Amino acid sequence: MAAASADTAADLLLRRGADGSFSLYSRSFGEGFHSAAGALREANEKFVRPAALERFAPGRELVVAEVAVGTGTNTAALIAACRAARLGFDWWGLEQDPRPLALALADGGFRAQWPAGVIPRLEALGAGGRLLLGDARQRLPDLLGPLEGSCDLVLLDAFSPSRCPQLWSREFLERLVRLLRNDGRLLTYCSAAALRRCLLDLGMAVQAIRPDPAEAGQWSAGTAAGPAPLAPHPALRPLEPFEHEHLASRAGVPYRDPSGTATAAEILERRRREQGLGRSGRHR
């Protein structure tokens with residue numbers, strides 16, 4: 001991986017979570033890559049545990065598509081879990097910016113936090129033609145060709161909808177869920193009503209990811225969805241009545257990007273209008 005440039009250093013700031021794991025803060029998006037609890041803890045809580053790898057017999061090769069690879073933490077955590085469960089790992093990723101992964105792989109702390117064999121596999125994935133760079137909206141069709149209907153897991157870890165609505169629009173989600181097998185799962189840290197309402201409207205079964213019990217007061221750690229009902233699992237729970245009520249509110253109005261080329265500002269403004277809000281965000 002190439003060394004970080006001066007522009008990278010100005011835009012991407014090093015962060016360490018409470019668990020000591022490597023993370024970054026993006027000045028461009030005004031948002032951290034992970035929660036303050038730590039990247040490693042977040043990857044296991046929001047992606048690995050709700051993936052329920054125990055569903056698969058040893059020797060099975062999982063087909064995984066990941067949107068917004070970032071530092072590669074989710075990928076590495078899943079590689080480690082698959083190795084422990086004796087599962088194969090056929091991975092494809094979509095990422096706009098290769099710099100976060102390069103910075104992670106150049107960091108000694110990041111490299112040291114994984115079991116033996118994980119970093120070489122992560123490096124091989126990044127260099128093996130399975131990481132598709134560019135706007136995910138334009139690159140997703142490149143995945144639909146070989147992978148439609150065959151993914152066991154789809155991981156969606158883009159910046160939040162208010163910062164990166166391009167990757168949370170109904171149109172993008174509609175194509176993304178086409179990657180899933182009937183028993184596949186889409187997993188994301190996001191609990192937004194707009195996301196969940198879209199997934200339900202697309203015919204997905206939707207459950208909440210349970211937060212770590214140590215996170216007092218947190219009601220959801222994310223969302224899991226699939227074409228078929230999700231089997232009961234300790235990491236998941238059905239949506240509560242208040243969550244369903246929230247989906248029916250103005251908060252559940254989806255992000256729309258029919259052309260697949262709109263800017264974040266255009267998508268946000270369109271949603272404000274569809275919510276009946278003016279530019280100030282006040283109800284009209």
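The values are calculated or read from the model by the stated rules, or taken from the named source; none is laboratory data. Remember, it's a predicted structure, so these values are computed and weren't measured experimentally. Methodologically, a virtual Cβ is constructed for each residue, glycine included, from the backbone with ideal geometry; neighbour enumeration extends over all protein chains shown.
Table for the structure above
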read-out	value
Filter result (closer than 21 Å to PRO258 by Cβ and either within 12 Å of the chain's Cα centre (by Cα) or part of a strand (DSSP E or B) (or both)) within region 174-194	LEU176
Odd one out for SER160 among (1) of a type outside the set (A, V, I, L, M, F, W, C); (2) surrounded by 24 or more Cβ atoms within 10 Å (Cβ to Cβ); (3) outside any strand (DSSP E or B)	(2)
Residue match in region 226-236 (condition: under 16 Å from ASP152 (Cα atoms), in a strand (DSSP E or B) and modelled with pLDDT of 95 or more)	yes
Any hit, region 26-35, residues being within 23 Å of GLU123 (Cα to Cα), crowded, with 21+ Cβ neighbours inside 10 Å and either touching a residue at least 60 places away in the same chain (Cβ under 8 Å) or under 17 Å from the mean Cα position of the chain (by Cα) (or both)	yes
Candidate set: region 220-261, residues that are acidic (Asp, Glu) and surrounded by 15 or more Cβ atoms within 10 Å (Cβ to Cβ); chosen: the one nearest to GLU45 (Cα to Cα)	GLU243
Only listed residue being closer than 29 Å to ASN182 by Cα and hydrophobic (A, V, I, L, M, F, W, C), chosen from ALA81, ALA102	ALA81
Selected residue (criterion: nearest to LEU268 (Cα to Cα)) from residues of region 212-227 that are free of Cβ contacts under 8 Å to residues at least 60 places away in the same chain and within 20 Å of the chain's Cα centre (by Cα)	THR223
